[in-house]
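Just below is one structure, and these are the notes that go with it.
The values are calculated or read from the model by the stated rules, or taken from the named source; none is laboratory data. Please read all numbers here as calculations on a predicted model, not as lab measurements. Here the Cβ positions follow ideal geometry from the backbone for every residue, glycine too, while neighbour counts run over all protein chains shown. The protein model used for the area step is the full one, side chains on, heavy atoms only, and it has no ligands, DNA or RNA in it. Shrake-Rupley method; radii C 1.70, N 1.55, O 1.52, S 1.80 Å.
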Amino acid sequence: MKTVNGQEVIQVFEAWSPKKLACMDNDPIGLAIGTLNKPVSKVLVTLDVNEAVANEAIEKGCELIIAHHPPIFRRLANIRTDHPAGRLYEKLIKHDIAVYAAHTNLDVAEGGVNDLLADALQLKNRSILEETYAENLLKLAVFIPTANAQALREALAKAGAGRIGDYEACSYTTTGEGRFRALAGANPFVGSVGELHMEEEVKVEVVFPESIKGRVLKAMLTSHPYEEPAYDVIRLEQQTNVMGLGRVGYLTKDMTLQQFAEFVKQQLDVPAVRVVGDLQSKVSKVALVGGDGNKYIYAAKRAGADVFLTGDMYFHTAQDAQAIDLQIVDPGHHVEKVMIAGVAKKMAELCEDKKYLVEFIQSTIHTEPFLFV
């Protein structure tokens, strides 16, 4: 096993939940406090960062905290250590505990907050509620001697090119003749300087997401025998890696709204929920958004959901939902606590695959500010 620093831990995290997935303007994600340029052996995973969580990190010897809710959400005018927030920041800095926040990027990521909520509710046949991210597809067409084509295809597949849906290593090959004349100073792989040469070649075509363009071209250039390969990179209209906020899916069995509300309380470990709608109506299709999903009631209605589960439902938004015949179950914002166990488990698995010697600890501090009486 390899000892690691904070940068290596966060590189693993961001490969799973990259910052580019964030879908809120100026979302304060990333490193909020401290430095990642230090050894890290224990990471505390938490929903929120308050003084009790900081004390927990100190007690358990954690050098890094990964949180869902950013500890510095509003712009700071000052850091006064005689105020609660300033006292928190001071404590974390004095004990050299870094804090990294993954907010809406973790909501969107596959296996992130919204998928964890959907898992808890056992939703099947899931889809995205609202698309917030997609990449353009590019197509690489490269000409290469027939004898070298298979090695090229393998290198491109290893770099991630040729992935289409549930298929990988997809490519298309056509046969033709390549002609060229090497000029003085060239070192041709085939042919001679000054002579027009004809070579039996194939054109290999593969598609790939724009985000891995550099990696794919490097693989092509490294595996190609020619000094100056001939190739085209074409932007396609199709998109890939479509991701988004919220999930829509079906319950394993139909319920009444009353039964669904009780199911939510049980599965998401909350003492109470707020409900809008007829308690005896049938619920089959569920839309959900972790946290505050007020602005997604119309997306939930367009998706054909019988009920929309989200936190922090506003009074007038609840009336709007009622007017469009969309039922609501509000278990509160704190229901996003599902990310604590989910992130700790996912990161432990990812780091174990890399043989990283780092432990992920689930925070046990209850950060729900509301009491239900």
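It is to be established whether one or more residues within the stretch 74-94 are among the charged types (D, E, K, R), within 20 Å of K345 (Cβ to Cβ) and in contact (Cβ under 8 Å) with a residue 24 or more places away in the chain. No.
May I ask you to verify whether A157 is under 21 Å from Q239 (Cα atoms), part of a helix (DSSP H, G or I) and open to solvent by 30 Å² or more (accessible area, probe 1.4 Å)?
Working: under 21 Å from Q239 (Cα atoms): yes; part of a helix (DSSP H, G or I): yes; open to solvent by 30 Å² or more (accessible area, probe 1.4 Å): yes.
Considered against the rule, which asks whether it is under 21 Å from Q239 (Cα atoms), part of a helix (DSSP H, G or I) and open to solvent by 30 Å² or more (accessible area, probe 1.4 Å), A157 comes out as yes.
What about Y250, is it touching a Lys or Arg at 6+ places or on another chain (Cβ under 6 Å) and modelled with pLDDT of 95 or more? Taking the combined requirement at face value, the residue satisfies it.
Mind checking which residues of the stretch 1-42 are charged (D, E, K, R) and free of Cβ contacts under 8 Å to residues at least 40 places away in the same chain?
The initial filter retains those residues of the stretch 1-42 that are charged (D, E, K, R), namely 2, 8, 14, 19-20, 25, 27, 38, 42.
E14, D25 - these are the residues of the stretch 1-42 that are charged (D, E, K, R) and free of Cβ contacts under 8 Å to residues at least 40 places away in the same chain.
Quick check: anything in the stretch 17-24 more than 15 Å from A102 (Cα to Cα), open to solvent by 50 Å² or more (accessible area, probe 1.4 Å) and either under 17 Å from the mean Cα position of the chain (by Cα) or modelled with pLDDT of 95 or more (or both)? Checked the stretch 17-24: no residue is more than 15 Å from A102 (Cα to Cα), open to solvent by 50 Å² or more (accessible area, probe 1.4 Å) and either under 17 Å from the mean Cα position of the chain (by Cα) or modelled with pLDDT of 95 or more (or both).
Note on the stretch 160-186: residues that are in contact with a Cys (Cβ under 9 Å, 6 or more places away or on another chain) and either over 18 Å from I234 (Cβ atoms) or of a type in the set (D, E, K, R) (or both) amount to 1. With respect to the conditions (1) in contact with a Cys (Cβ under 8 Å, 6 or more places away or on another chain); (2) aliphatic (A, V, I, L, M); (3) open to solvent by less than 20 Å² (accessible area, probe 1.4 Å), V358 lacks only one, and its number is (3). Among residues of the stretch 281-294 being under 21 Å from the mean Cα position of the chain (by Cα) and of a type outside the set (G, A, S), the one that is nearest to L257 (Cα to Cα) is L288. For first residues located in the stretch 269-296 and open to solvent by less than 20 Å² (accessible area, probe 1.4 Å), partners that are assigned to a strand (DSSP E or B) and of a type in the set (S, T, N, Q) and lie 6+ apart or on another chain with Cβ distances below 6 Å form the pairs V289/T310; G293/T310. Within the stretch 311-323, restricting attention to residues that are of a type in the set (S, T, N, Q) and without any contact (Cβ under 8 Å) to a residue 24 or more places away in the chain, the residue that is least open to solvent (accessible area, probe 1.4 Å) is T317. Screening the stretch 324-354 for residues that are of a type outside the set (A, V, I, L, M) and open to solvent by less than 40 Å² (accessible area, probe 1.4 Å) and picking the one that is nearest to S284 (Cα to Cα) gives Q327. Within the stretch 162-175, being surrounded by 12 or more Cβ atoms within 10 Å (Cβ to Cβ) and either closer than 15 Å to A230 by Cα or among the hydroxyl-bearing types (S, T, Y) (or both) holds for S171, Y172, T173. Within the set I72, I66, I97, I58, the sole residue that is touching a strand residue (DSSP E or B) at 6+ places or on another chain (Cβ under 7 Å) and open to solvent by 10 Å² or more (accessible area, probe 1.4 Å) turns out to be I72.
The residue that is least open to solvent (accessible area, probe 1.4 Å), among those in the stretch 238-257 that are in contact with a strand residue (DSSP E or B) (Cβ under 8 Å, 6 or more places away or on another chain) and more than 17 Å from D115 (Cβ to Cβ), is L257. The condition (being over 30 Å from M198 (Cβ atoms), open to solvent by less than 60 Å² (accessible area, probe 1.4 Å) and assigned to a loop (DSSP other than H, G, I, E, B)) is satisfied by just one residue among G86, G111: G111.
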